[in-house]
1. What list of ³J(HN,Hα) couplings, whole Hz, do you get for the range 694-704 from phi and the Karplus terms 6.51, -1.76, 1.60, once you set θ to phi - 60° and write x for glycine and proline?
2. Mind listing which trypsin sites (Lys or Arg not before Pro) in the range 223-279 are in a DSSP loop and have 11 or fewer other Cβ atoms within 10 Å?
3. In degrees from 0 to 90, rounded to the nearest 10, what is the angle of the helix 97-113 Cα long axis to the longest principal axis of the chain?
4. Quick check on the chain: helices-only [θ] at 222 nm, where DSSP H runs of length 4 and up contribute -39,500 (n - 2.57) each and the sum goes over total residues. Nearest 500, please.
5. How would you rank 631-639, 264-272, 47-55, highest first, on the average number of other Cβ atoms within 10 Å across their residues?
6. Which of rounded, prolate or oblate describes the range 565-686 when judged by the alpha-carbon gyration tensor and an a/c cut-off of 1.5?
7. Taking only protein heavy atoms and a 1.4 Å probe, what accessible area per residue, in Å², does the range 602-723 have with all protein chains in place?
8. Just to confirm the number: angle between the C-alpha axis of helix 268-278 and the first principal axis of the chain, 0 to 90 degrees, nearest 10?
Amino acid sequence: MPPSRRVRALIDGLSWAEKLGQLQIVFRPSLHEAKQLVRGGIGSVFWPRSSAAVNALQRVAVEETRLGIPVLVGLDVVHGHRTTAPIPLAQAATFDRDLVRELARLAAAEARSAGVTWTFSPMIDVSRDPRWGRVAEGFGEDVYITAEMGRAMVRGYHGEELAASDAIAATAKHFVAYGQPEGGRDYNTADASEHRLRNVHLEPFRAAVETGAAAVMASFNTVDGRPMHANRRLLTDVLKSEWGFDGIVVGDADGVRNLIPHRVAADLADAVRLAYGAGLDVEMGGAPSDLNPSELAPDRLDPARLDDAVGRVLALKEALGLFDDPYVPEADERTEPTHEARRLVRTAAARSAVLLKNDGTLPLRRPRRVLVTGPYAESADHLGAWTQSFAAPAGSIADELGERMPQAELRVAPGVRFLDDDASGIPLVVAAAREADIVLVFAGEPSSLTGEAASRSDLRLPGRQEELIRAIAGTGTPFVVVLETGRPLVVADWIDRAPAVIVAWHGGTEAAAAIVDILLGDAEPSGRLPMSFPRSSAQVPIHYAHELTGRPATVGGTLDETSVDIGLHGPDNVHEKYTSKYLDLELGPQFAFGHGSGYATFVHGAPRISADTVRLETLEAGAHVVVEVEVTNTSSRPGDEVVQAYLEDVVASVAPPVRRLVAFERRTVEPGATVTVSFELGTAELGFWSTDSAPARFVVEPGLFRIHIGSRLERTQAVELVVR
Ligand code: NOJ
């Protein structure tokens, strides 16, 4: 879009130094420093902690700078501002786009009331390596669900219009391939083929741009040897030129400075010039201001490029309505979660919880003697990675249970702590377990082990928690394990001995209440895994949408629910030497993507397809085939089913993923009722990015497709479609 007249006039009126000021966001200064920076012409700042402080800064910008341009106020509003929703990985587990949009709306309303106008969210890095701590911040391993949830969040943040008093500008991050760091180590190199870039990592960003995301953040990693802050091909040629992105490309914190240790810039001036030249619009960290102005003089930077960047920044300020009114009503700042906000995040936490297994122990049936144990029993650490220090605190599960189970004799004995090596509390727990009717074990990893710079090489429960679980199993008393985590964990050493296991993630402000809702059966644990749980840390990265290889290992007969390696059933060759496998691990993950059940039970009818043959031209003209399935709730309780549709491209010009999610829908079904769930499949679902020519082309290749529909990967029925 060409700049508006107001923006054009401002660009013409700004001096060179003022333009450079607009192209920076300074990282968390004090209010005093922020005022100085704004007075000096800096165009964006991190949130100074209150609506009053924001107004003070805007007053400086409007009244004390030459052209009176208001500032953008940025903050990582990632899964909440004052009210914290479940972590994004948990939000993906809900398979509920509307809910994710609502959560983003809530976060936007709270943040904008405080003067925040720009969030650095959603994170849409397809994440297939659970060693990487940042998997907590994204939507997991699947391209489609990441793209869909990214769209939902952008819509939630932006609302009807950015100028509204409850909307903030979204940033899709981190562009690109940051979710595939070598070894799962944060910030590490990513080397992705064009095929993988186009079909995996770029795809959610394309969706976010299509949805209108206001900004895109460059990532810390290299791609193809080029750090993303200096990657002109991806920032300019693909993102801006090919996709027509007209928003802001913002750098990550000190990402421009980091070009020096990356060894692609000789010094800071070189780094800044490289980054703006590559297509970066706003530097995060203040690098340009740290330089002697002569280093960034007009003869050393392309003035047209700089004007383009300034135009993008001013256009966002205009869209946010800041030129008309940069101030927020201080009396309206939402500093506490409202009742509705709490209710929403509680629903989300329950909907995100995944029932990994259940032998009928859950929901609890009014047990009398209850032992509550594990490091999460009395902890309030439910908020997860990227939580604000000013967020409303969460409560403890032990307290919540105390209130909700007045008839029970509750005994609380955590037994072990998260990180230390002290197992001396376990014998006491064992003795208490012998006296109990049920043991509730609240285990997991603390928030501090998840998020940025929190990669782990060992994905088992930290500390002595596994020992605690095995000791409880040894008593013979029934028990339930609730896992709070920001990533898939390795549970192989104890899962077979546990009667019931729930993954509750880091569930946010109302996590404790939601967990108790589930234990008591007041809510359904109806989430599905957005990332596979590996059998061993040495098995990662492992994800369901893998290619087959020329020598796939296959397990014969019917797939068993927990040892599935998707698509690999056939003649049993797993014992043959020259097939792709580990000699010392069973095939497939412990629990695959999409796994999860609930208390209600469902039966799916045979899927139907509206046509078994379709012409390519018909599809290309916009037609769809419709696949539908009837889903019956066979239980006596209402419940939510997540119907998943996976595409199998039987023969293609490039090795296709063995299965790929192309549609899903979450439906509430009353007891005994039957609903019809239908999906439209067209070119977007059947095609892929072909990189045979540059630029890549989106193609649908004629041939046979199978569409597998069901409640999870290993429980699907297929219909066939021929594209001619
Ligand atoms: C670094 C992180 O990588 C990024 O996600 C975040 O938005 C910035 N810091 C700003 O806090």
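The values are calculated or read from the model by the stated rules, or taken from the named source; none is laboratory data. Owing to the predicted nature of the structure, the values given are computational and were not obtained by experimental measurement. Because the Cβ atoms are built from the backbone with ideal geometry, glycine has one as well, and the counts that use them run over all protein chains shown. Only protein heavy atoms, including side chains, enter the accessible area calculation; ligands, DNA and RNA are left aside. Shrake-Rupley method; radii C 1.70, N 1.55, O 1.52, S 1.80 Å.
1. Karplus values, whole Hz, x for Gly and Pro: 10, x, 4, 10, 8, 10, 10, 9, x, x, 8.
2. The qualifying sites are ARG263.
3. With rounding to tens, the tilt is 40 degrees.
4. The helix-only estimate for the chain comes to -7000 deg cm²/dmol at 222 nm.
5. Numbers: 631-639: 16.7, 264-272: 18.7, 47-55: 20.6.
In descending order of packing, they fall as 47-55, 264-272, 631-639.
6. Note, shape of the range 565-686 comes out oblate.
7. Per residue, the range 602-723 has an accessible area of 42 Å².
8. 80
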